[in-house]
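The block underneath contains the structure these notes are about, expressed in structure tokens.
Each reported figure results from applying straightforward, stated rules to the coordinates on display, with no laboratory input. These numbers come from a predicted model, not from an experiment. Reconstructed Cβ throughout: ideal geometry from the backbone, glycine too, with neighbour counts over all protein chains shown.
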Amino acid sequence: MRRHRRYDIRETRRWSADDLAPTGIPRTRVEVTVVRAALWAATDKQATYLLTLVVQQGLARPESIAVELLRIRRDRRRLLLHAVLNDLLDGARSLGELDVARELRRRGLPPPARQVLRKDRAGRYFLDLYWPELKLVVEIDGIHHTWAENVVGDALRQNALVLHGDTVLRLPLLGLRLDADAFFTQVETAMVAAGWVRRAA
């Protein structure tokens, strides 16, 4: 391993001939590169950012990154990267909601109604978490909410809810990994503003 402020050269024992890109200058495939970069990142936040950036920019699909990550048997960051990839796959949508519900209980916050049906001019949609008595909505956002085809619909739905008197908070699944306390503090602040009072222990 050789490090300089302008480069960071490393060697790996996980090398395989299949790691090479099939065409162009000799280099590893993007999926292999991003997994190694995430393992070598200086912080968990940086590792999460690297995985997210590659998927957001369409450089690699989360499914193909997940296949490469399965090759990693031992690393202190392996479980975190698996969790982040589940979020990026959005196959963990329901798992994300379970994580939030568990955190709400742990923090002594009231349980929400889940998957409440609403209807607007564009059709029917479900709210992820809703407290009817507080008129509070929490939407749990996977990576697909950042994609261009979903941004307009999400904005219209949120605006419709606000116009009907609901408070809407957005909780990205990556936020659960990187700054959960800040997001749940906002949820509690919204509950208190709507009249909820924490019971004495």
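Overview of values
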quantity	calculated
Approximate spin-label separation residue 198-residue 186, in nm, with each point projected 7 Å along Cα-to-Cβ	1.9 nm
Fewest-first sequence of 139, 63 by Cβ atoms within 10 Å of each Cβ	63, 139
Förster radius 41 Å - calculated FRET efficiency between residue 80 and residue 158, Cβ distance, rounded to 0.05	0.85
Förster-model FRET efficiency, 41 Å R0, residue 169 and residue 73, C-beta, rounded to 0.05	0.60
Spin-label model distance (nm) - residue 135 vs residue 107, 7 Å beyond Cα toward Cβ	2.2 nm
Where the Cα pairs of the range 2-89 fall when distances are cut into 10 Å bins, in %	15, 51, 31, 3
Amide hydrogen neighbours beyond the local backbone of residue 171, cut-off 5 Å, H modeled	139, 140, 141
